[in-house]
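Engineer: Attaching a single structure in structure tokens format; questions to follow.
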Amino acid sequence: AMVPLLHEAGYSYSAILAICAVIFGLAHCHHLIEHVRVNQLEWKQAAGLVAFQLLYTTIFGTISTHLFFRTGSLFAPLLAHMFCNYLGFPDFEDIFSNQRKYTTITFTFVGAWLFIVAMVALDPSPFRSPFFFAPLPPTPDIPSAFIPPKDLR
């Protein structure tokens, strides 16, 4: 949880989002060795795969950090990470080649649009149940309830 440290160091919301996202993406670069040693890929091909993975894991790192800011707990980003790991990266070739491609494409884009709407309008209150988490005060500069009370600092 780098977010509390970066916030206490005075970093802005945007800077924290960028730093955490890049570090999350870089944390997945170890797959380069796996692709070369286990999958027997050439370094160039393995590097291309890892570069693409770096791109989408960095995007997901941004989403996860935003979820942490919005909810004030690790539960939402952890759940999102588990869900994405379970599903894996979408097979776009299959989306555009199956018999019901227009239906599949429509639902894919509607789902992506609804996800974006939900991220913007997310009501974090279910993730802040006092049963599981201490209530945290909102702050004007960061769109979350993440900042701990003064007596916990």
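Engineer: Condition first: closer than 21 Å to Thr108 by Cα, in a helix (DSSP H, G or I) and not aromatic (Phe, Trp, Tyr). Can you find one or more residues in the stretch 37-54 that meet it?
Structural biologist: yes
Engineer: Let me ask you something else. When Ile95 is evaluated against the numbered criteria (1) modelled with pLDDT under 80; (2) part of a loop (DSSP other than H, G, I, E, B), which criterion, by number, is the only one it fails?
Structural biologist: Only one criterion is unmet by Ile95, namely (2).
Engineer: Out of the residues in the stretch 57-92 that are among the aromatic types (Phe, Trp, Tyr), loosely packed, with under 14 Cβ neighbours inside 10 Å and assigned to a helix (DSSP H, G or I), which is modelled with the lowest pLDDT?
Structural biologist: Selected residue: Phe92.
Engineer: Any residue that is within 26 Å of Ala118 (Cβ to Cβ), in contact with a Phe, Trp or Tyr (Cβ under 6 Å, 6 or more places away or on another chain) and open to solvent by less than 40 Å² (accessible area, probe 1.4 Å) - is there at least one of those in the stretch 30-53?
Structural biologist: Among the residues of the stretch 30-53, not one is within 26 Å of Ala118 (Cβ to Cβ), in contact with a Phe, Trp or Tyr (Cβ under 6 Å, 6 or more places away or on another chain) and open to solvent by less than 40 Å² (accessible area, probe 1.4 Å), which makes the answer no.
Engineer: Considering (1) among the polar types (S, T, N, Q); (2) under 17 Å from Met119 (Cβ atoms); (3) surrounded by 17 or more Cβ atoms within 10 Å (Cβ to Cβ), say which one Ser14 fails and leave the rest.
Structural biologist: Tallying (1) among the polar types (S, T, N, Q); (2) under 17 Å from Met119 (Cβ atoms); (3) surrounded by 17 or more Cβ atoms within 10 Å (Cβ to Cβ), Ser14 fails exactly one: (3).
Engineer: Six or more apart or on different chains, Cβ atoms under 6 Å: show the pairs whose first residue is in the stretch 8-19 and closer than 12 Å to His66 by Cα and whose second is among the aromatic types (Phe, Trp, Tyr) and open to solvent by less than 60 Å² (accessible area, probe 1.4 Å).
Structural biologist: Once the first residue is closer than 12 Å to His66 by Cα and sits in the stretch 8-19, no partner that is among the aromatic types (Phe, Trp, Tyr) and open to solvent by less than 60 Å² (accessible area, probe 1.4 Å) comes close enough.
The values are calculated or read from the model by the stated rules, or taken from the named source; none is laboratory data. As the structure is a computational prediction, the values presented were derived from the model and not from experiment. For neighbour counting, all protein chains shown are included, and Cβ atoms are generated from backbone atoms with ideal geometry for every residue, glycine included. In case anyone asks, the SASA skips ligands and DNA or RNA and just uses the protein heavy atoms, side chains included. Shrake-Rupley method; radii C 1.70, N 1.55, O 1.52, S 1.80 Å.
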